[in-house]
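First up is the structure itself, then whatever we jot down about it.
The numbers here are math on the coordinates, done by the rules we state, and not lab data. Note that the coordinates shown come from a computational prediction; the quantities given were computed from them, not determined experimentally. Note: ideal-geometry Cβ built from the backbone for every residue, glycine included; neighbour counts use all protein chains shown.
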There are 2 protein chains.
Amino acid sequence: MMNTQNTDQITVFKALADSVRLDIIEYLKHTDHEVSCGEVGKALNISKTSGSYHFKLLQEAGIITTRKESREKYVSLNSKTFDKYVTNFYKNI
Amino acid sequence: MMNTQNTDQITVFKALADSVRLDIIEYLKHTDHEVSCGEVGKALNISKTSGSYHFKLLQEAGIITTRKESREKYVSLNSKTFDKYVTNFYKNI
DNA sequence: TAAATAGTTCAAAAATATTTGAACTATTTT
DNA sequence: AAAATAGTTCAAATATTTTTGAACTATTTA
């Protein structure tokens, strides 16, 4: 019932077609430690609610993977989806 | 002044994030002959005006290349942009 | 146990994207 | 030369996406 990794093409492209989400992806790409939604939101100046919305879309597209630990939700990029849909991920994005 | 091939990442992803445009791309991919805007529009049941709008976005994203011959505008996929941004084009799209 | 923190959900508001129809240009056909 | 065809442009209407704030759950800290 849970759709952790929807890799439907249009869902992926829609998820990539927004500057806030590309910023989030960029942030996740350039970080070395495990990152929470809150950290990203603060760093990029995105409100909690808006962040929640964007992380949800990214997750539904299979672009990020999430892990809930107590209060916090940790997010990381799902390279599988990039490998499947996006060329030169580490070069372009 | 004319920007025939804008290959800006978000422009490309936005252009790919619409089902009408993905249908157009699909149509162009599966065709062997040179194709006009009108042919695509008729085949996919897109109005002239709407087609004009979508072809423009695809062109601005560098996804298609166009050639005007007398009354008609011929369009074809620009594989360079796919090579640069999209993985497994001929597999996924 | 109260207050603070992290995140979600909902509905309304705001912003963006798409479709429509009418009017237009340019070319070709009759 | 008139009518038909291919496509564009514009502004208005419609649809979709994103943002906002308030209320909420769950967990942790004081």
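Residues that are within 23 Å of A:VAL12 (Cβ to Cβ), touching a residue at least 40 places away in the same chain (Cβ under 8 Å) and not aliphatic (A, V, I, L, M): list the helices (runs of 4 or more DSSP H) wholly contained in segment B:1-74 that include at least 1 such residues. Quick ask: steps written out before the conclusion?
On the way: elements: B:9-16, B:19-29, B:37-44, B:48-60.
The qualifying helices (runs of 4 or more DSSP H) are B:9-16, B:19-29, B:48-60.
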Subset of segment A:67-88 [within 12 Å of the chain's Cα centre (by Cα) and away from DNA strand D (no atom under 15 Å from the Cβ)]
A:VAL75, A:SER76, A:LEU77, A:ASN78, A:SER79, A:THR81, A:PHE82
Can you tell me which residues in segment A:7-58 are more than 13 Å from chain B (Cβ to nearest Cβ), among the small types (Gly, Ala, Ser) and within 9 Å of DNA strand C (Cβ to nearest atom)?
A:SER36, A:GLY38, A:GLY41, A:SER47, A:SER50, A:GLY51, A:SER52
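Among the candidates B:PHE55, B:PHE13, single out the residue that is buried (at least 19 other Cβ atoms within 10 Å of the Cβ), among the aromatic types (Phe, Trp, Tyr) and closer than 21 Å to A:LEU22 by Cα.
On the way: B:PHE55 fails: closer than 21 Å to A:LEU22 by Cα.
Selected residue: B:PHE13, the only one of B:PHE55, B:PHE13 that is buried (at least 19 other Cβ atoms within 10 Å of the Cβ), among the aromatic types (Phe, Trp, Tyr) and closer than 21 Å to A:LEU22 by Cα.
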